[in-house]
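Below is one structure, written out as structure tokens; the observations come after it.
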Amino acid sequence: MPQITVDYSERLADGFDRPAFARDLHTAVVGIAAAKPPACKTRFRRTEDVVVGPDTDGHALVHVHIALLPGRTEETKARLTEAVLDLLRQYVEPGAGLTLHASAEVRELDASYRKFEE
């Protein structure tokens, strides 16, 4: 915990500093949601095709999912979501001719969540 997944358009691969984003995102999660630094895990998933409305060209997407153990207030989750959007503004450069659609959500992990480390 937390489990962080970042879906991003393939077109952003060269303009998205993923290691720096993850580093600063982990710092934000620790500071805002009281997570422990070694517990922060982020995976990036590149998305090949993006369609926005009728357009198949000219758009790029980034969506950040953060799943936390239960117990954070709605205010804490909202603060974390805003911090994520601020970091995306800092670390994603969509490039000429692309409209960036960035979003984030923070939710609680289901009670069935389990993990192990070896």
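Read-outs: derived from the displayed coordinates by stated rules, not from any lab. This structure is a prediction, so every number in the text was calculated from the model and none was measured. With ideal geometry, Cβ positions are generated from the backbone for all residues, glycine too; neighbour counts draw on all protein chains shown.
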- Please go through segment 67-118 and pick out each residue that is loosely packed, with under 15 Cβ neighbours inside 10 Å, in contact with a Lys or Arg (Cβ under 9 Å, 6 or more places away or on another chain) and under 22 Å from Ala20 (Cα atoms). Gly95, Glu105
- Query: Residues in segment 24-47 that are basic (Lys, Arg) and either part of a loop (DSSP other than H, G, I, E, B) or surrounded by 15 or more Cβ atoms within 10 Å (Cβ to Cβ) (or both): how many?
  - Reply: 1
- Item | Leading residue by the ranking (surrounded by the fewest Cβ atoms within 10 Å (Cβ to Cβ)) among those in segment 1-17 that are of a type in the set (D, E, K, R) and within 21 Å of Ala96 (Cβ to Cβ) | Asp14
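Which residues, counting only those in segment 48-65, are over 30 Å from Glu75 (Cβ atoms) and surrounded by fewer than 19 Cβ atoms within 10 Å (Cβ to Cβ)? Before you say what the answer is, go through the steps one by one.
Taking segment 48-65 as the starting set, the residues that turn out to be over 30 Å from Glu75 (Cβ atoms) are 48-60.
Selection gives Glu48, Asp49, Val51, Val52, Gly53, Pro54, Asp55, Thr56, Asp57, Gly58, His59.
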- Residue in segment 82-91 that is more than 13 Å from the chain's Cα centre (by Cα) and hydrophobic (A, V, I, L, M, F, W, C) present: no
